[in-house]
Amino acid sequence: MNFVVSPKSVDEAVNFLVEHPEARPMSGGASLVAMKNARLIDASHFVSLANIDGLRGIGRVGDSLRIGGMTRHSDIATCDLLKGDLEMIRLAAGQIANSVIRNMGTMGGAIGNADPAADYLPVLACADGEVEITGPDGVRRLPVLDYVLDWYETALELGEIVTAVFLPSPKEARSVYRKLARTPGDYATASVACCAVDQGVRVAVGACGPRPLRSREAEATLAGKMHDVDAIAEFGQALRELADPLDDVRGSSQYRLQLIPRMVSAAIADVMEPV
Amino acid sequence: MQLDGTFTIAASRLQVWEAIRDPGLMARCIPGCEAAEKISEDRYHALIGIKIGPISAKFNLVIDVEEEAAPESIRSKASGEEGSRASMLTARNFLSLMEIESNLTEVSWSSDVNVTGRLGKYGLGLMKKKAKSLSDEFVTVFAKRVETGAVTS
């Protein structure tokens with residue numbers, strides 16, 4: 001049997017993964033193939049999801065927007081449906097790596113890898129996105145923050161794959177994705193997703209812990225005080241307290257802690273209407 | 001990387017000491033440990049798997065006891081490789097037991113660990129976080145086992 005197998009349906013892919021515990025699902029392969037070539041990972045097979053119908057593309061489903069797991073970053077970065085409070089997702093996709101990788105990598109693959117410094121997790125957490133997971137026991141959906149369990153660790157069990165992401169339909173509101181990186185296209189040193197809601201904001205911080213930082217409680221406290229500098233500073237502080245940043249080549253944990261309140265206030269200023 | 005920690009166990013110092021020198025018990029407490037056996041009085045062998053995200057490595061470790069003062073302290077070193085892969089793990093460890101009360105023992109440990117190879121991709125910062133969560137997991141399981149054993153014996 002070939003090393004790469006290409007099932008025609010999700011069921012077929014799931015069955016193969018269950019029968020071959022050392023096999024790995026492959027979406028775009030942008031990270032997976034590079035890691036394999038560097039001999040960082042072992043696998044009995046790569047189960048390519050490329051030939052499965054229905055995993056690619058963005059469309060409305062009832063009150064939600066569905067982004068198929070095999071949708072490429074470049075398609076997300078140019079999608080007209082991602083506007084208003086979902087525009088930050090489009091902006092985040094456009095800042096991933098470089099155009100070659102954006103033409104290759106997919107949302108499902110990026111989320112499956114769950115790199116905390118990658119760009120989707122904070123925008124999806126901010127947008128109240130849900131990850132659709134299909135596996136041997138059927139389909140389940142998890143909020144992004146429940147989906148990421150720890151550093152590079154997700155709720156995905158043996159045989160499960162990310163088949164889609166569901167988002168609430170876009171609303172008329174400003175949203176922004178601020179990314180601080182050493183150079184364009186690098187993983188984030190820290191990032192902030194922010195969108196305006198009635199009287200307030202939703203904010204998620206990326207690259208400062210195993211999963212995005214978000215506090216609905218702090219968002220509720222801040223609501224109605226959007227032009228109160230002290231309240232915004234307190235809000236930034238509240239998110240900073242949730243952080244558990246790494247020391248790595250992109251910055252020390254201390255540096256990241258200092259970035260959080262500053263980047264958060266800057267992102268809030270971005271989405272606020274001028275007084 | 002330098003790691004250390006302190007925790008207390010509701011058991012006598014001797015009970016904790018015996019648990020530490022029991023490879024079967026340790027194997028059940030160490031996260032990712034698939035097997036552990038005593039080779040000689042001062043030498044143990046263990047097979048330990050470590051996984052971070054998609055990368056996993058399995059180390060064949062030899063642990064040598066270099067110095068011990070029963071039931072107070074033990075100094076050991078561990079080293080091992082990952083089959084034919086270029087991953088390597090070495091560690092120098094020190095552990096001491098202090099009797100706080102007759103049935104309460106404080107365990108202090110420190111370890112200087114070096115890991116090279118594919119797990120190194122994630123860098124030192126993440127390795128430290130992972131080591132911390134593994135040691136927390138060990139302490140929880142170990143304390144529970146020793147305390148349960150201490151009650152029944």
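When A:Leu257 is tested against (1) over 19 Å from A:Asp115 (Cβ atoms); (2) outside any helix (DSSP H, G or I); (3) within 14 Å of another protein chain (Cβ to nearest Cβ), just one condition goes unmet, and that condition is (2).
Among the conditions (1) within 25 Å of A:Asp186 (Cα to Cα); (2) away from chain B (no Cβ under 14 Å); (3) of a type outside the set (D, E, K, R), the only one that A:Gly54 does not satisfy is (1). The set of residues in the range A:248-268 being without any contact (Cβ under 8 Å) to a residue 60 or more places away in the chain and either closer than 11 Å to A:Leu180 by Cβ or not assigned by TED's automatic domain parsing to the domain that holds A:Ala233 (or both) consists of A:Arg262 alone.
When each of A:Leu32, A:Leu40 is tested for being closer than 23 Å to A:Ile161 by Cα and either in contact (Cβ under 8 Å) with a residue 60 or more places away in the chain or acidic (Asp, Glu) (or both), the lone residue that passes is A:Leu32. Which of the residues belonging to the range A:230-247 are charged (D, E, K, R) and either in contact (Cβ under 8 Å) with a residue 12 or more places away in the chain or within 30 Å of B:Met1 (Cα to Cα) (or both)? Answer for the range A:230-247, where residues must be charged (D, E, K, R) and either in contact (Cβ under 8 Å) with a residue 12 or more places away in the chain or within 30 Å of B:Met1 (Cα to Cα) (or both): A:Glu234, A:Arg240, A:Glu241, A:Asp244, A:Asp247. Within the range A:90-105, one or more residues are among the basic types (Lys, Arg), away from chain B (no Cβ under 14 Å) and either crowded, with 22+ Cβ neighbours inside 10 Å or assigned to a helix (DSSP H, G or I) (or both).
Which of the residues belonging to the range B:11-25 are aliphatic (A, V, I, L, M) and either surrounded by fewer than 16 Cβ atoms within 10 Å (Cβ to Cβ) or without any contact (Cβ under 8 Å) to a residue 24 or more places away in the chain (or both)? Of everything in the range B:11-25, just one residue is aliphatic (A, V, I, L, M) and either surrounded by fewer than 16 Cβ atoms within 10 Å (Cβ to Cβ) or without any contact (Cβ under 8 Å) to a residue 24 or more places away in the chain (or both), namely B:Leu14. Of the listed requirements (1) more than 27 Å from B:Ser133 (Cα to Cα); (2) surrounded by 22 or more Cβ atoms within 10 Å (Cβ to Cβ), A:Arg182 misses just one: (2).
Of all the residues in the range A:49-78, those that are surrounded by fewer than 19 Cβ atoms within 10 Å (Cβ to Cβ) and more than 15 Å from the chain's Cα centre (by Cα) number 13.
All of A:Ser215, A:Ser253 fail the test of being within 17 Å of B:Lys129 (Cβ to Cβ) and of a type in the set (S, T, N, Q), apart from A:Ser253. What do you reckon, is A:His45 without any contact (Cβ under 8 Å) to a residue 60 or more places away in the chain, in contact with a helix residue (DSSP H, G or I) (Cβ under 9 Å, 6 or more places away or on another chain) and either buried (at least 19 other Cβ atoms within 10 Å of the Cβ) or within 14 Å of chain B (Cβ to nearest Cβ) (or both)? For A:His45, the condition - without any contact (Cβ under 8 Å) to a residue 60 or more places away in the chain, in contact with a helix residue (DSSP H, G or I) (Cβ under 9 Å, 6 or more places away or on another chain) and either buried (at least 19 other Cβ atoms within 10 Å of the Cβ) or within 14 Å of chain B (Cβ to nearest Cβ) (or both) - is not met. Within the range A:203-246, the set of residues being of a type in the set (S, T, N, Q) and either under 25 Å from the mean Cα position of the chain (by Cα) or closer than 22 Å to A:Thr189 by Cβ (or both) comprises A:Ser215, A:Gln237. Within the range A:79-128, being acidic (Asp, Glu) and either out of contact with any helix residue (DSSP H, G or I) (no Cβ under 6 Å at 6 or more places or on another chain) or on the phi > 0 side of the Ramachandran plot (or both) holds for A:Asp80, A:Asp85, A:Glu87, A:Asp115, A:Asp128. Could you look through the range B:139-153, keep only residues that are in contact with a helix residue (DSSP H, G or I) (Cβ under 8 Å, 6 or more places away or on another chain) and either outside any helix (DSSP H, G or I) or surrounded by fewer than 19 Cβ atoms within 10 Å (Cβ to Cβ) (or both), and pick out the one that is farthest from the other protein chains (Cβ to nearest Cβ)? Checked the range B:139-153; the qualifying residue farthest from the other protein chains (Cβ to nearest Cβ) is B:Ser153.
Among residues that are surrounded by 15 or more Cβ atoms within 10 Å (Cβ to Cβ), within 14 Å of chain A (Cβ to nearest Cβ) and within 30 Å of A:Ala43 (Cα to Cα), B:Ser79 is not included.
Candidates are the residues of the range B:72-85 that are farther than 24 Å from A:Glu153 by Cα and outside any strand (DSSP E or B); the one that is nearest to the chain's Cα centre (by Cα) is B:Glu72. Taking the listed residues A:Asp115, A:Asp137, A:Asp146, the one that is acidic (Asp, Glu) and within 14 Å of chain B (Cβ to nearest Cβ) is A:Asp115, with no other qualifying.
Against the criterion of being under 22 Å from B:Tyr122 (Cα atoms) and either of a type in the set (D, E, K, R) or assigned to a strand (DSSP E or B) (or both), B:Lys38 does not qualify. Among residues of the range B:97-132 being within 14 Å of chain A (Cβ to nearest Cβ) and under 13 Å from the mean Cα position of the chain (by Cα), the one that is surrounded by the most Cβ atoms within 10 Å (Cβ to Cβ) is B:Ala131.
Contact map, the range B:51-71: residues that are away from chain A (no Cβ under 14 Å) and outside any loop (DSSP other than H, G, I, E, B) paired with residues that are surrounded by fewer than 15 Cβ atoms within 10 Å (Cβ to Cβ) and among the acidic types (Asp, Glu), Cβ distance under 7 Å, separation 6+ or inter-chain. Pairs shown: B:Asp64/B:Asp42; B:Val65/B:Asp42. For the subset of the range A:158-197 comprising residues that are among the polar types (S, T, N, Q) and over 15 Å from A:Ala93 (Cα atoms), which member is farthest from the chain's Cα centre (by Cα)? For the range A:158-197, the residue satisfying everything is A:Thr183.
The values are calculated or read from the model by the stated rules, or taken from the named source; none is laboratory data. Treat the numbers as computed from the prediction; the structure is a model and nothing was measured. Note that each Cβ is placed from the backbone with ideal geometry, even for glycine, and that neighbours are counted across all protein chains shown.
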